[in-house]
1. Please specify each residue of region 1-21 satisfying the condition of being at pLDDT below 90 and touching a helix residue (DSSP H, G or I) at 6+ places or on another chain (Cβ under 6 Å).
2. Could you list, in sequence order, the residues of region 8-38 that are farther than 20 Å from Ala71 by Cβ and either without any contact (Cβ under 8 Å) to a residue 24 or more places away in the chain or small (Gly, Ala, Ser) (or both)?
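The values are calculated or read from the model by the stated rules, or taken from the named source; none is laboratory data. This structure is a prediction, so every number in the text was calculated from the model and none was measured. Here the Cβ positions follow ideal geometry from the backbone for every residue, glycine too, while neighbour counts run over all protein chains shown.
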Amino acid sequence: MSVTFATCEAFVAANSLSSISLSEAEQLQAYALFKQAMKGPVKAQSNISQVKHSVRSLNLVRRARLNAWFALGDMPSQSAKEHYVALIWSRNKSHFVEIDSDTIDKLMKNVSSSR
């Protein structure tokens, strides 16, 4: 099994960013990378006036998230996905088990022989 964007997305959804092994700065980075991967650059969004209003607002969390997203500029979606996977996986390796094909074959043989 290789760690994919979908795998990381499911892991974060099941655990929330605040409960996995990420610093506050890494949580902002993960948020920005996820938004970039799913929606593209923030300036490409049709609700740019809403985004600008949010940045001016007093909601510091929203402002920090949007600033992190803005900082990614024109990073391509695929690149954002790769960076997101690298960030989530590197801080939570123990939650992602890599099983090689030999191990899978051995497990399947054990299952088959026990029937």
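1. Val3, Cys8, Leu17, Ser21
2. Of everything in region 8-38, those that are farther than 20 Å from Ala71 by Cβ and either without any contact (Cβ under 8 Å) to a residue 24 or more places away in the chain or small (Gly, Ala, Ser) (or both) turn out to be Ala10, Ala13, Ala14, Asn15, Ser16, Ser18, Ser19, Ser21.
Matching residues to (1) hydrophobic (A, V, I, L, M, F, W, C); (2) in a loop (DSSP other than H, G, I, E, B); (3) modelled with pLDDT of 90 or more; (4) farther than 28 Å from Thr4 by Cβ:
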site: Met38; (1), (2), (3), (4): yes, no, yes, no
site: His53; (1), (2), (3), (4): no, no, no, yes
site: Val61; (1), (2), (3), (4): yes, no, no, yes
site: Ala68; (1), (2), (3), (4): yes, no, yes, no
site: Met75; (1), (2), (3), (4): yes, yes, yes, no
site: Gln78; (1), (2), (3), (4): no, no, yes, no
